[in-house]
Amino acid sequence: MSAVPGTSPGTAAGTAGVSADGVPVVSVFVRLKLSLLRNGLRQSARRRAAYIASVTLVLVFAALQLVGLIALRGNAHAASVAVLLLAVLALGWAVMPLFFPSGDETLDPTRLVMLPLRPRPLVRALLVASLVGIGPLFTLCVLVGSVIAVAYGAAAYAVAVVAVPLGLLVCVALARAVAAVNIRLLTSRKGRDLAVLSGLVIAVGAQMVNFGAQRLGSAGLGELDPAAEVLGWVPPASVIGAVDAVSEGSYGVGVARLALSGLALAGLLSLWSRHLTRLMTSPDGSTLQAATAGSRDRTRSAGLGRFLPAGRTGTIMERSLRYVWRDPKTKAAWVTSLAIGLIVPVFNALQGTGSIYFACFAAGMLGVLMYNQFGQDTSAFWMVAMTISSPRDAFVELRGRALALLVITLPYATFVTVLTTAMLGDWPALPEVLGLSFALLGAMLATGAWSSARFPYSIPQEGYKNVAPGQAGLAWISIFGGMIAAALLCVPVIALTIWLNATADGDDWSWLLLPLGAAYGAGVALLGLRLAAPRTAARLPEILSAVSKG
Amino acid sequence: MGTAAVRVRGLWKRFGQQVAVAGIDLELPAGRFIGLVGPNGAGKTTTLSMVTGLLRPDQGTVEVVGHDVWRDPVEVKARIGVLPEGLRLFERLSGRELLAYTGRLRGLPGSEVDKRATQLLDVLDLAGAQHKLVVDYSTGMRKKIGLASALLHNPEVLFLDEPFEGVDPVSAQTIRGVLERYTASGATVVFSSHVMELVESLCDWVAVMAAGRIRAHGPLAEVRGESPSLQQAFLELVGAHGRDTGSDLDWLGGGAR
């Protein structure tokens, strides 16, 4: 247990005894937090390097936004930017504990259950302790920068003296309250499943922010004003709203906004305190709950089997499709592929920089899902291995997985292509782009099946990593080699497309690319499965040991 | 007893510098309840993995009911059931879905799979949890659902790696009952364990393994010999006897400090 290696039993016992007056408890928790941090860093040089790198990054980022906010001073929309920035940051504080439940060990009150602590001093101590860290430091920088950007006059600065600590406390209390309310969820299996999806939320969120920033760049900061008008009243962004209002002379509005944040802090603290008390005085019912909740976890896709072919193929497809929904890692991979496959062509089309050929991106992204099929099974692959005794069995296994993939990818790639075409209005090009998409999808399935057999690697079930330590090279060979091979396999169709576009009356014949591309894709996929099957059947023990490292 | 259920010749496996299995020759009789015993790290799991075709040996041959595991997988895989240790199941399926999946993958007709699954779930006391995902099962429930999927296609030989590890007494008794009924009908069970009392009470034939080699094998009474218990015989066989703690910990007793 690496839980509390830094605090000697002696100090812990001593402070528990004098917790009544509250003051020593605060210092104990701050020291606990610091020693946890120190011991965590002492464990390995890599962790130390990662921590220093992230601190440096955050500091640089904090400094940059500080400079940016100071530069905004005098801009008509400065207050809007500052208010929105704080609102987004607060949102981050609210969702952080849901996605990184194990990020802060002092955040988990269940570890303190055995100590004789009273709620009030405990809440105070935990609140102060949670002000120690990179997150609060960054938030402080944002708050200070925002104040510099919007404050004019002595009264505004006077308000800011209250506003900055108040905003920071609301952010921290928000995170703590969310964590305390959801602690049962977070320590359960469902919570850990949720954590696996966090990387994905960040990736998609980054795309959205990127898109939003581009929109702002072209449309101007004025776009923000209506949203900021509302958020200026919502804690903790209302603390900046208050400074802004006081700068403009509306003292009443300023005080009201400040009071709102104060009320929010009081509300969050009482919510947190109540949940903390309940958590620490009632038995942990998480396992009990899971036992009774089981009956509700009924088979969602009971009707799924009816639409699938009978026998082994249908069985494999059904299992694969269930895993898309139920296995957090598989789900994360699917949602990433579906989202990026849609976002890239559609956003490019929206910005007017798009080409209709970007629609092939969807087929490419979804084809990646065929890679490392057996790695997705983890060591449960032994159950499959026990039922494969000939290349024919392996072929049926791989074909079932490819078909399950196609059930979703074929309509989706078609949908993305039609949508992109509609946005660009280039309907005559639709058949050839669809043909290209299908050819690419087929080629990705073929290379995916082959590299699943040849370059399998483990996918760790916990955390965000998709490759087990030591197998990153294997994963790179598998995916990038495969993608290049898939692109090469598509060369005949690509060449035909270029040739038809280049020749004078080629456009009359470009519709031919749809059936040709589809047939080519199907043929290549089938050939790939045929080549992969004997390799799979011959390498079952090797594949099993490669995928069992996670 | 006619043919051997399992015949192993010159089986070797090395992991880097470490020799996990150092040349095993073994013949396991059919229709018996066979225990493969040995301390942790003796090579039991490695041996069972190689015998069931989940791990490729460096050297040696394995025959199960007369068929070579590596040259004739079609014949072997249809005849064996396996419950490995330390490998996952498809845990995002419910117990019933897992059985439906395994049975159909084994090529059994759907209606037959569902009938057998219902009976197995009943007997193994899993009927109440059949719609719960296996990932939410306890250790004992996992072992039981693993056993059910190993038995579903009615194999001739059943290989179980530490089937009682971490299992509560009630589940252990259930598993025991099912296994005893299964061997009574003439099938063979090979299971590994490091709990001697368990092996002694269940098995009629044992093989003792230590440091990658077979130290003794044969009917239980023969292996036990003059010793009062299998535990004693085992300790003598692996040479761990006489390592009594003696007077080293004479202060230990919970009295005065």
- Accessible area drop of at least 20 Å² (1.4 Å probe, protein heavy atoms): which residues of the stretch B:80-100 qualify, relative to the chain alone? B:Val82, B:Pro84, B:Leu87, B:Arg88, B:Leu89, B:Phe90, B:Arg92, B:Leu93, B:Glu97
- Message: Whole-Hz ³J(HN,Hα) for each residue in the stretch A:495-502, computed from phi via Karplus 6.51 cos²θ - 1.76 cosθ + 1.60 with θ = phi - 60°, x for glycine and proline: what do you get?
- Response: 4, 4, 4, 4, 4, 5, 6, 7
- 28 Å Cα-Cα threshold exceeded, pairs from A:Lys190/B:Lys144; B:Lys77/B:Lys144; A:Lys190/B:Lys77: A:Lys190/B:Lys77
- the stretch B:170-186 - phi-based ³J(HN,Hα) in whole Hz, Karplus 6.51/-1.76/1.60, Gly and Pro as x: 5, 4, 4, 5, 4, 4, 4, x, 5, 5, 5, 5, 5, 6, 4, 8, x
- With point charges of +1 on the Cβ of Lys and Arg and -1 on the Cβ of Asp and Glu, referenced to the Cα centre of the protein assembly as shown, which listed residue (A:Thr420, A:Ala242, A:Trp382) lies farthest in the positive direction of the dipole? A:Ala242
- Query: Given N residues in the protein assembly as shown, what is Rg(Cα) / (2.2 N^0.38 Å)?
  - Reply: 1.15
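Scan the stretch B:1-88 for trypsin sites (Lys or Arg not before Pro) in coil per DSSP, keeping those whose Cβ has at most 13 other Cβ atoms within 10 Å, and list them by number.
Numbers: sites: B:Arg7, B:Arg9, B:Lys13, B:Arg14, B:Arg32, B:Lys44, B:Arg71, B:Lys77, B:Arg79, B:Arg88; in loops: B:Arg32, B:Arg71, B:Arg88.
Passing both the DSSP loop test and the Cβ count: B:Arg71.
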- Other-chain or far-sequence residues with amide H under 5 Å of B:Ser94's (modelled H): B:Val134
- Message: Quick check on the protein assembly as shown: of the DSSP beta bridges with both residues there, what percent are antiparallel, nearest 5%?
- Response: 55
- Place +1 on the Cβ of every Lys and Arg and -1 on the Cβ of every Asp and Glu in chain B, take the dipole about the Cα centre, and give the residue among B:Gly66, B:Thr3, B:Ser229 whose Cα lies farthest towards its positive end. B:Gly66
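Mind checking the dipole of the protein assembly as shown: about its Cα centre, +1 per Lys or Arg Cβ, -1 per Asp or Glu Cβ, Debye to the nearest 20?
Details: 68 positive and 54 negative charges, 152 e Å.
Charge dipole of the protein assembly as shown: 720 debye, to the nearest 20.
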- Query: Can you pull out the trypsin sites (Lys or Arg not before Pro) in the stretch A:459-550 that DSSP calls coil and that have at most 15 other Cβ atoms within 10 Å?
  - Reply: A:Lys465
- Item | Given A:Lys33/B:Lys143; A:Lys331/A:Lys549; A:Lys331/B:Lys13, the pairs whose alpha carbons are separated by over 32 Å | A:Lys33/B:Lys143; A:Lys331/B:Lys13
- Note on the structure: Residue-ordered couplings for the stretch B:44-54, obtained by feeding phi - 60° into the Karplus form 6.51 cos²θ - 1.76 cosθ + 1.60 and rounding to whole Hz (Gly and Pro as x), are 5, 5, 4, 4, 4, 4, 6, 5, 8, x, 8
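Relative contact order of chain B: what whole-number percent is it, with Cα pairs under 8 angstrom and at least 6 residues apart?
Details: 450 pairs, mean separation 64.2, N = 257.
Value for chain B: 25 percent.
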- Message: Which residue, A:Pro431, A:Tyr357, A:Pro328, has the largest displacement toward the positive end of the dipole of the protein assembly as shown when charges sit on each Cβ (Lys, Arg +1; Asp, Glu -1)?
- Response: A:Pro328
- Message: Give me, ordered by chain and number, the residues 5 or more places off B:Val82 or on other chains with an amide H under 5 Å from its own placed amide H.
- Response: B:Phe159
- Task: Starting from the amide H of B:Leu55, placed 1.01 Å from N in the peptide plane, find each other amide H under 5 Å away whose residue is 5 or more places distant or on another chain.
- Result: B:Met50
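The values are calculated or read from the model by the stated rules, or taken from the named source; none is laboratory data. Computed from a predicted model, the values in this text were never measured in an experiment. Quick reminder, even Gly has a Cβ in these numbers, built from the backbone with ideal geometry, and neighbours come from all protein chains shown. Side chains included, ligands, DNA and RNA excluded: accessible areas come from the protein's heavy atoms. Shrake-Rupley method; radii C 1.70, N 1.55, O 1.52, S 1.80 Å.
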